Amino acid sequence: MPTLLVRNAATLVTMDNARRELADAGLFARDGIIEQVGPTAELPSTADHVLDLRGQIVLPGFVNTHHHLDQTLTRNLRDAQNNNLFAWLKVHYRVWANRTPDASRCSTLVGLAELTASGCTTVFDHAYVFKNGCRVDDQIAAAKEIGVRFHACRGSMSLGESRGGLPPDDCVEDEPTILSDSVRVIEKYHDTASGAMTRLVLGPCSPFSVSTDLLKETARLARAKQVPLHTHLCETMDEERYTLERYGLRPVAWMGSLGWLDRDVWFAHAIHVNDEEIGEFARAGVGVAHCPCSNMRLASGIAPIKQYLAAGVKVGLGVDGSASNDASNILLEARQAMLLARLRIGLLPPTGPRALFLLSQSHPLRASEWMTAREALEIATRGGAAVLGRDDIGSLEPGKCADFFSIDLNTVDYAGALHDPVAATLFCAPQKARYTVINGTVVVENGRVITVDMGPVVEAHNRFARQFAA
Ligand SMILES: [Zn+2]
């Protein structure tokens, strides 16, 4: 059982229940599980692997709760640079349907390399276009190559244009195939154990790309197999118009009518919701994946994250994309979450008593409207863990997985901000991780993945991407 000792970190952010931030600290882990966290002087003096993190800050590994790793193949497509979701999707659907298992492996490795180098240790991926022999297995194998804790989604699209859906008919699958393949991958990969490296999720893509039947059947199957459910919801006003016209219900009410408001469900985006719907999410235990970069990129809107938190809704962070971001940098995403919540204060009237309208944004009575750096870090760590339904990640304390990353503090980028190094990680420009450790194993060193030789992968990835762009 290999042991790992981290020592001499300038600051260690535990994100434990007391939110302790320790100086000159470290941790000791055995077989991927933390046994001790505390001042260096109180830790064992040796281990099989020792990391001296002098001059660095250590944070719990970030949790990415919404992504489409295959989209790194279609970043920045010229025809999709300046449009909103529905138009953007129509540019991409057929290109995505052209991808092959080889291309899929490259894109997954590229996305995961970028994620881990920015501090991410647990990744949820929502794949939903399966043509040319592509399978969820492609993503799971690539995640194992890098060594990322991975929640794979057997996503789906079944409602083509001829039946009133948005995707072309040749990009969707038939429903019996979707359901039988869902059973296959759950039985093959889903690991319920504490410290699991691979779990499965079921995820019909969106209200406008699957049938009512498939949403119901998927929920029934997920509950029979005890795996979580995920989809995109309330991302755009186009989507709201779609469910109102087709089903006579707002998106949240429509999902509620299909048994999709429960504690085993989380929605990506959840921007266009009213106060009652926020309350319903809280009562039902539904989670939200907040994807600020994608929401800005596609002009989708600003999700009411502070209102969700105030209501007790679980919120995690998602980089989304990577064709709507077009980055998989989760430290950048946490920074954008903090900044976008602040932009909302300037654009929208305050919630609460009418008297607040007359007060400056910085009046003490409006303090709770501000998202702090520590709150954004909490969403990225503990929040994401709660959204994915895990109690073994999201903080650094005994019994939790040894998933963390470190950043050098004594750099040009942080100069002048070190009186509060924790907040500096978001207020200053996002930096690459010096080390990212997952399950007690070093995956990133000096900002680069060391478990996979990424040079040839990037070369092949660029070759595939050029073909798709053409
Ligand atoms: Zn998405």
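Coordinate-derived values only; no laboratory data. Please read all numbers here as calculations on a predicted model, not as lab measurements. We place every Cβ from the backbone using ideal geometry, glycine too, and count neighbours over all the protein chains shown.
Computed values, structure above
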| read-out | value |
| --- | --- |
| Percent antiparallel among DSSP beta bridges (both partners in the chain, rounded to 5) | 45 percent |
| Efficiency of FRET from Cβ geometry, Arg135 and Val458, R₀ 25 Å, rounded to 0.05 | 0.60 |
| Residue-span extension gain [Asn8 to His419] - 0.36 nm each, minus C-alpha spacing | 146.2 nm |
| Cα-based reach from Lys306 at 25 Å (exclusive), listing lysines while leaving out same-chain residues under 8 positions away | Lys314 |
| Distance between modelled label sites at Arg466 and Arg19, nm, 7 Å Cα→Cβ extension | 5.0 nm |
| Order by protection proxy (mean Cβ within 10 Å, highest first), peptides 441-449, 243-251 | 441-449, 243-251 |
| Gain upon complete extension [Ala367, Arg94; 0.36 nm per residue less C-alpha separation] | 93.6 nm |
| Per-selection Rg to Rh, region 372-464 - Cα, Kirkwood hydrodynamic radius | 1.03 |
| Interchain or long-range residues, amide H under 5 Å from Val288's placed H | Phe267, Lys314, Val315, Gly316 |
| For the chain, fraction of C-alpha pairs farther apart than 34 Å, in % | 31 percent |
| Spatial separation of Cα centroids for region 355-407 and region 243-275, in angstrom | 25 Å |
| Over region 1-135: Kirkwood hydrodynamic radius from C-alpha pairwise inverse distances, Å | 17.9 Å |
| Nearest-0.05 FRET efficiency for Glu445 and Arg246, computed from C-beta distance (R0 51 Å) | 0.50 |
| Leading residue at positive end of dipole, region 15-69 (Cβ point charges), from Ala25, Val58, Ala47 | Val58 |
| Karplus-derived 3J(HN,Hα), 6.51/-1.76/1.60, for each residue of region 198-207, Hz, glycine and proline x | 9, 9, 10, 9, 9, x, x, 5, 6, x |
| Theoretical gain in end-to-end length, Arg342 to Thr198 [0.36 nm per residue, Cα-Cα removed] | 48.3 nm |
| Nonlocal amide H pairs with Thr198, under 5 Å, H built at 1.01 Å | Phe150, Asp191 |
| Relative contact order %, the chain, counting alpha carbon pairs below 8 Å whose residues are six or more apart | 21 percent |
| Distant-in-sequence amide H partners of Thr231 (H built 1.01 Å from N, under 5 Å) | Trp266, Ala268 |
| Dipole in debye (nearest 20) - region 1-118, about Cα centre, beta carbon charges: Lys, Arg +1; Asp, Glu -1 | 640 debye |
| Separation in nanometres of the label points that stand 7 Å from Cα toward Cβ, at Phe86 and Ser45 | 7.0 nm |
